[in-house]
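Right, one structure below, let's go through it.
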Amino acid sequence: MYATQLLIGDQWVDSSDGGTNETFNPANGELIGFFAEATTADVDAAVAAARAGFESDAWQSMSPDAKGRLLWRIADLIDRNAVELAALETLDQGQPTTVSTAISVPLAAQVFRYYAGYATKLEGKLSPVSIPRQLTYQRRTPLGVCGLITPWNFPLDIAAWKLAPALATGNAVILKPAEQTPLSTVRLVEICREAGVPNGVVNLITGGPQVGKALVGHRGVDCISFTGSTAVGQEIARTSATDLKRIGLELGGKAPSIICADADIDAAVQGNLKGALFNTGQACGAFTRFFVPRSKVDEFTSKISAAADALKIGHGYDPETILGPLVSEEHLNRVASYVASGKEQGAQLVSGGERVGGELQNGYFFRPTVFTEVTDKMKIAREEIFGPVLSIMPYDDIDEAITRANSTDYGLVAAIWTKDLVTAHSLPQRIKAGTVFVNQLPLIDPGAPWGGVGLSGLGRELGSYSIDEFTEPQSVFINLD
Ligand code: NAD
């Protein structure tokens with residue numbers, strides 16, 4: 001049984017009122033641990049500790065080279081503890097080991113190495129101003145104390161995407177993982193300590209929405225980098241308006257996948273299956289709305305539903321498992337209610353549509369579900385489900401498909417399937433999305449920005465964009481007279 005604490009400054013402590021919360025294994029519903037439920041006083045203490053860490057000589061005077069090596073050590077320790085970290089992600093989140101071992105943990109280490117390189121390359125620039133005899137230059141300055149609030153679907157990776165660039169640019173942070181999945185983040189913070197992060201530079205508070213709220217509303221926090229639902233992102237934007245703190249919001253998605261008339265249908269079926277069902281559809285970039293030429297709908301539907309039905313559902317520890325559980329009973333009920341609404345609103349259920357019983361009945365397993373004849377106004381076509389539900393939407397011509405693909409409040413990712421080079425290069429320009437994948441799964445790489453437009457968020461993470469997100473330019477004018 002796990003029992004985790006808060007990290008405030010250099011101390012691992014219980015919540016100030018002794019409060020705890022519980023975390024469960026979604027594969028069988030069993031209690032696996034307790035974590036400290038932070039109070040407002042704990043949030044205050046974490047902010048004060050982060051401010052002291054930010055201003056400390058140990059951090060302020062750490063050379064870029066030393067900072068780079070610190071991030072590299074964190075990456076090495078992630079690799080060294082890979083088996084344990086992957087096991088924690090599978091236990092707490094439910095991720096199949098094929099995801100946690102092969103993707104989540106190596107990607108977290110890769111992100112730290114990527115930003116280790118940035119620590120020595122935070123260059124400014126000279127500005128050619130027209131005022132006589134001036135030397136004017138810009139330098140990048142860290143923001144100060146950054147609150148990093150993460151969701152439950154990829155806890156380790158999303159913490160790494162925020163933490164690595166925040167540290168490379170010289171900020172101090174307070175991490176706040178999701179209440180459903182705190183364990184891998186607690187371990188990551190232990191690793192940061194082991195790697196030699198100075199006291200107060202990385203702090204950890206755990207707990208539910210109230211803890212996130214207290215962090216967002218705190219006047220001592222300079223920046224909130226948030227990944228999570230659109231509704232909470234909107235609330236953060238409203239709250240942050242009071243002190244105009246810097247915010248970055250990575251929110252929900254409802255990705256369209258347009259299968260062009262010339263596409264290789266078998267390749268599109270395989271790619272879309274993986275794009276839709278990666279981590280059991282609990283991925284913000286999951287493909288969810290499949291625009292298929294009317295003449296190809298029957299073939300696409302029968303092939304993708306047969307392939308979905310054949311996927312092995314099971315506990316994440318089983319190396320054969322492709323589809324693990326949903327994260328919680330609450331989330332399973334949410335997915336089931338979307339499936340019920342699809343049926344009520346007239347979509348044709350082709351396969352799936354129910355919770356898995358038998359020996360998996362205690363876990364939160366849901367069969368991959370394929371609907372066809374889905375129309376644009378149905379709830380399952382408009383709202384983010386965040387589960388294994390695929391909606392097939394027939395179209396008659398490509399202009400119509402693009403208009404319908406764009407008629408969403410979201411704009412995180414989109415996919416296009418075509419064999420034609422001109423289509424591959426010209427359609428992405430017509431799609432409203434932060435990232436467009438052509439004949440490709442929704443992949444993530446530290447070198448490419450990630451983020452959305454519309455209700456999918458504000459700002460970009462990864463690549464050089466995270467360096468902009470975590471720094472402020474400062475101009476200096478020197479009078480040379
Ligand atoms: P959520 O918004 O419910 O919670 C996310 C985090 O915010 C948790 O740590 C939670 O405790 C905290 N929180 C909740 N209410 C808060 C409040 N009022 N103020 C401050 N913090 C608060 O999201 P979730 O259910 O954990 O995650 C699923 C959502 O995350 C989906 O919508 C998904 O699309 C989105 N997501 C987006 C991306 C992306 O990069 N765009 C990546 C992963 C997940």
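Looking at the range 304-318, which of its residues are over 24 Å from the mean Cα position of the chain (by Cα) and either surrounded by fewer than 18 Cβ atoms within 10 Å (Cβ to Cβ) or outside any helix (DSSP H, G or I) (or both)? Reasoning before the result, please.
Initial filter on the range 304-318 (over 24 Å from the mean Cα position of the chain (by Cα)): 304-312, 318.
Once the filter is applied, which keeps residues that are over 24 Å from the mean Cα position of the chain (by Cα) and either surrounded by fewer than 18 Cβ atoms within 10 Å (Cβ to Cβ) or outside any helix (DSSP H, G or I) (or both), the range 304-318 yields Ala306, Asp309, Ala310, Leu311, Lys312, Asp318.
Set side by side, the residues Gly452, Gly463 differ, and just one is at positive phi and either assigned to a loop (DSSP other than H, G, I, E, B) or within 16 Å of the ligand (Cβ to nearest atom) (or both), which is Gly463.
When the strands (runs of 3 or more DSSP E) confined to the range 179-282 are screened for residues that are in contact with a strand residue (DSSP E or B) (Cβ under 8 Å, 6 or more places away or on another chain) and near the ligand (Cβ under 8 Å from one of its atoms), those reaching at least 1 such residues are found at 223-227, 246-250. Could you check how many residues of the range 324-362 are assigned to a loop (DSSP other than H, G, I, E, B) and either of a type in the set (Lys, Arg) or surrounded by fewer than 20 Cβ atoms within 10 Å (Cβ to Cβ) (or both)? The number of residues fulfilling the criteria is 10. Could you check the range 417-448 and list, in sequence order, the residues that are surrounded by 15 or more Cβ atoms within 10 Å (Cβ to Cβ) and within 16 Å of the ligand (Cβ to nearest atom)? Lys432, Ala433, Gly434, Thr435, Val436, Phe437, Leu441, Pro442, Ile444, Pro446, listed by residue number.
Note on the range 368-409: residues that are surrounded by fewer than 20 Cβ atoms within 10 Å (Cβ to Cβ), part of a loop (DSSP other than H, G, I, E, B) and in contact (Cβ under 8 Å) with a residue 40 or more places away in the chain amount to 3. The sole residue among Gln210, Gln180 that is under 18 Å from Ser229 (Cβ atoms), within 18 Å of the chain's Cα centre (by Cα) and surrounded by fewer than 24 Cβ atoms within 10 Å (Cβ to Cβ) is Gln180.
The numbers here are math on the coordinates, done by the rules we state, and not lab data. Source: prediction; values computed, not measured. Neighbour counts run over all protein chains shown; Cβ positions are idealised from the backbone, glycine included.
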